[in-house]
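Single-structure report; data block below.
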Amino acid sequence: MTVQQTRATMDRYFELMGSDGDFSELFVDDVRWLMVDSGQEVRGRAVVREYVDLLHSRMMSGEQRELVVTEEHAYLEGDSVNADESGRGLSWCLVYDVKDGVIMDMRCYGTLSALMAT
């Protein structure tokens, strides 16, 4: 894939997510989401979509950087998620593996995993 094709895939993903559309249409059937720091992993279109929706419902605040795109990867990082009075919050870096116009795998690094602790 070209950088432009990866960018188009990610733009569509975030467009669908932002409009309450079915962003899982951009996942392969056995897509994986991995919280690297906690080892929590979910697989499959519907399950990953539900997990991402739940994660976002638990994020009350935060800042994110500009999406960085390469030929088959996209990177997004942020911080200050659910910061307390001291300004300390959670931070994260998402890595998306993209191939042939679909998202194959997503890995989340950082303390954001605390929001999904059971």
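Read the figures in this text as sums done on the coordinates, not as results from a lab. Given the structure is predicted, the values throughout are model-derived calculations rather than measurements. Here the Cβ is made from the backbone with ideal geometry for all residues, glycine too, and neighbour counts use every protein chain on show.
In debye, nearest 20, what is the charge dipole magnitude of the chain about its Cα centre with +1 on Lys and Arg Cβ and -1 on Asp and Glu Cβ, if you could check? Working shown, then result.
Working: 11 positive and 22 negative charges, 29 e Å.
So the dipole magnitude of the chain works out to roughly 140 debye.
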task = Using a 10 Å cut-off on Cβ atoms, rank the peptides 15-25, 101-111 from the highest mean neighbour count down.
result = 101-111, 15-25
ask   = Taking the Cβ-Cβ separation of residue 63 and residue 109 as r and a Förster radius of 22 Å, what is the calculated FRET efficiency to the nearest 0.05?
value = 0.85
key: Sorted largest first, extent of region 3-116 alpha carbons per principal axis (Å)   = 43, 26, 26
Tilt relative to the chain, helix 45-58 - C-alpha long axis, 0 to 90 degrees, to 10 = 30 degrees
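How much mean residue ellipticity at 222 nm does the chain get from its helices, if each DSSP H run of length 4 or more adds -39500 (n - 2.57) and you divide by all residues, to the nearest 500 deg cm²/dmol? Show your work: numbers first, answer last.
Details: 2 runs with 30 residues, N = 118.
Here the helix-only value at 222 nm equals -8500 deg cm²/dmol.
Once R0 is set to 30 Å, what does the formula 1/(1 + (r/R0)^6) return for the Cβ-Cβ distance between residue 71 and residue 16, expressed as a FRET efficiency to the nearest 0.05? Present the calculation step by step, with values, prior to reporting the outcome.
On the way: r = 22 Å, r/R0 = 0.74.
Result of the calculation: an efficiency of 0.85.
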query = Does anyone have the angle between helix 3-18 and the longest principal axis of the chain? Alpha-carbon axes, 0 to 90°, nearest 10?
reply = 50 degrees
ask   = Across every pair of different alpha-carbon atoms, what Kirkwood hydrodynamic radius in Å does region 1-65 reach?
value = 13.1 Å
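Give me 9, 2 ranked fewest to most by other Cβ atoms within 10 Å of their Cβ, as a rough exposure proxy. Display every interim value, and only then the final one.
Details: 9 20, 2 10.
The order, fewest Cβ neighbours first, is 2, 9.
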task = Kindly provide the GluC sites (Glu not before Pro) of region 43-118 that DSSP labels as loop, not H, G, I, E or B, and whose Cβ sees at most 10 other Cβ atoms within 10 Å.
result = 66, 85
